[in-house]
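A short worksheet on the structure shown next.
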Amino acid sequence: MKLLERYVARLTAGLFITLTLGVVTLFLVIDFGDWLRIYTGKPVADVALLYWYRSHVALVQFAPAALVLAAGLCVTVVRRRGEWTALRALGASPATVVRPIMLVASLAALGLIAFQEFVVSESGPHIDRLMVERFDRWGDFLSVYSPRRWFKVGDSLLNVRGAQNPERLEDVRLFQLGASAELVGWIEAGRLTWVDEGHWKADDATELRFEGAQAHPGRQGSFQLTLPLRPEVTQLAVGRPEWLPLSVLEKQLGLMGAMQLPTEATRFAIHQRWAAPLAAVLAALIACLAGLRGQRSASVPRTLLEGAALYGGLFVVGMISRSLAINGRLTPSLAAWLAPLVLLPLVAWLGRTTSSSPA
């Protein structure tokens, strides 16, 4: 890497780190003020621990915005110092400035993916648990973290009330449905144990058979059932899809498919894990190319406003695409990659106009 490119890369990295820390700190201060009423009287150590974990999540949320702003500001600084004018006079192309900025942006995007995979996947659940255990704020904790208790097994519904591990389910109820979804059988068992593929053993069980409004006693004690239920299906991970590691999300898809559960949120989270950093890199490239256009003067306030508007647009597109995916309006893969697809034509247009514009 040439001396100038190293200088631009260091400038971009410095701006990115400074802006990220500044934006995250600002968010945490605002968030603390918003929740101050529930922290009153609580141990300082609990509040500090909560915001330590919350800073990890905030970093992933706001680092893309800092990356876009850093790219635009780097170009503005180079132009205001007259360095870009001198380089153009020597025949340098925009790639001389864009290349090191994109290198930093790409490394930052990969770092954010790794940070979310290995750090946020641990910190996110800690935030929810601290809010419940230390600050008595439940929110949607039960719906997100409660183990699944109902399973669709062929034409039957299985309810697990007790403890569950892959091959042993405690305190279960099995509702067997007919062709018209009417109840034809009911089994209550103290324990359901996996025997082999498609077969489970019910212990301490009572069976009732239904014919219309009439109920007749069936088997009692211990007996074997034919259930197309794989043991691992009962072990669906709990938590928010956007916080779960990719390895867990990939396993979830097969299990959720076997249970005929909706997978839109999980598939969107998998694609979004890669699409969001790419969108941030493309937005940073747009900020670079827009800043290098020769017919406009370098202005820090304008660069900040343009960067904020660009990231704001990305945020809105991300929210809309998630809603479209979960509601089935778009496939999760297309919805997740919508932002990069929207940005690509703008990158191509700016690339053509910037390369031909005067300094």
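The values are calculated or read from the model by the stated rules, or taken from the named source; none is laboratory data. Quantities reported herein were computed from a predicted structural model and do not represent experimental measurements. No Cβ is skipped: glycine too gets one built from the backbone with ideal geometry, and neighbour counts run over all protein chains shown.
Residues considered: Asp155, Asp171. Of these, the only one that is assigned by TED's automatic domain parsing to the domain that holds Ser222, without any contact (Cβ under 8 Å) to a residue 40 or more places away in the chain and on the phi > 0 side of the Ramachandran plot is Asp171.
When Leu289, Leu192 are checked against the criterion of being outside the structural domain of Val77 (by TED's automatic domain parsing), surrounded by 19 or more Cβ atoms within 10 Å (Cβ to Cβ) and either outside any strand (DSSP E or B) or among the hydrophobic types (A, V, I, L, M, F, W, C) (or both), Leu192 stands alone in meeting it. Return a yes/no flag: does segment 75-82 have any residue that is in the same structural domain as Pro340 (by TED's automatic domain parsing), of a type in the set (Lys, Arg) and outside any helix (DSSP H, G or I). Checked segment 75-82: at least one residue is in the same structural domain as Pro340 (by TED's automatic domain parsing), of a type in the set (Lys, Arg) and outside any helix (DSSP H, G or I).
Residue by residue, here is whether (1) outside the structural domain of Pro94 (by TED's automatic domain parsing); (2) in a helix (DSSP H, G or I); (3) modelled with pLDDT under 90; (4) more than 25 Å from Ala92 (Cα to Cα) holds:
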residue	(1), (2), (3), (4)
Gln252	yes, yes, yes, yes
Gly257	yes, yes, yes, yes
Arg273	no, yes, no, yes
Leu278	no, yes, no, yes
Ala284	no, yes, no, no
Arg296	no, no, yes, no
Gly313	no, yes, no, yes
Leu341	no, yes, no, yes
Leu344	no, yes, no, no
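Could you go through segment 45-55 and let me know if any residue there is within 30 Å of Ala287 (Cα to Cα), in the same structural domain as Leu282 (by TED's automatic domain parsing) and surrounded by 12 or more Cβ atoms within 10 Å (Cβ to Cβ). Yes. Checking the structure you have, find out if any residue of segment 228-246 is in a strand (DSSP E or B), outside the structural domain of Val57 (by TED's automatic domain parsing), more than 31 Å from the chain's Cα centre (by Cα) and modelled with pLDDT under 90. No. For segment 250-267, the condition of being surrounded by 14 or more Cβ atoms within 10 Å (Cβ to Cβ) and more than 41 Å from the chain's Cα centre (by Cα) holds for none of the residues. Of the residues making up segment 87-119, those that are hydroxyl-bearing (Ser, Thr, Tyr) and either more than 23 Å from Lys2 (Cα to Cα) or part of a helix (DSSP H, G or I) (or both) are Thr96, Ser106.
Scanning segment 315-359 for residues that are among the aliphatic types (A, V, I, L, M) and under 21 Å from Glu264 (Cβ atoms) yields a total of 15. Of all residues in segment 41-60, those that are of a type in the set (Lys, Arg) have Cβ atoms under 7 Å from Cβ atoms of residues that are in a helix (DSSP H, G or I) and buried (at least 18 other Cβ atoms within 10 Å of the Cβ), 6 or more apart or on another chain, in Arg54/Ile127.
Among the residues of segment 222-233, are any among the polar types (S, T, N, Q) and out of contact with any strand residue (DSSP E or B) (no Cβ under 8 Å at 6 or more places or on another chain)? For segment 222-233, residues among the polar types (S, T, N, Q) and out of contact with any strand residue (DSSP E or B) (no Cβ under 8 Å at 6 or more places or on another chain): absent.
Tell me whether segment 60-73 contains one or more residues that are exposed (fewer than 13 other Cβ atoms within 10 Å of the Cβ), more than 22 Å from the chain's Cα centre (by Cα) and of a type in the set (Gly, Ala, Ser). No, every residue in segment 60-73 fails to be exposed (fewer than 13 other Cβ atoms within 10 Å of the Cβ), more than 22 Å from the chain's Cα centre (by Cα) and of a type in the set (Gly, Ala, Ser).
Confirm whether Val23 is within 24 Å of the chain's Cα centre (by Cα) and over 27 Å from Ser297 (Cα atoms). No, not satisfied.
Of the residues making up segment 319-330, those that are surrounded by 15 or more Cβ atoms within 10 Å (Cβ to Cβ) and of a type in the set (S, T, N, Q) number 1.
Evaluate segment 172-183: report whether one residue or more is part of a strand (DSSP E or B), touching a Gly at 6+ places or on another chain (Cβ under 8 Å), within 16 Å of Thr234 (Cβ to Cβ) and not aliphatic (A, V, I, L, M). No, segment 172-183 contains no residue that is part of a strand (DSSP E or B), touching a Gly at 6+ places or on another chain (Cβ under 8 Å), within 16 Å of Thr234 (Cβ to Cβ) and not aliphatic (A, V, I, L, M). In segment 194-220, the residues that are under 13 Å from Gln176 (Cβ atoms) and without any contact (Cβ under 8 Å) to a residue 24 or more places away in the chain reach residues that are of a type in the set (Lys, Arg) and part of a strand (DSSP E or B) with C-beta atoms within less than 6 angstrom, at least six apart or across chains, in these pairs: Glu207/Arg219.
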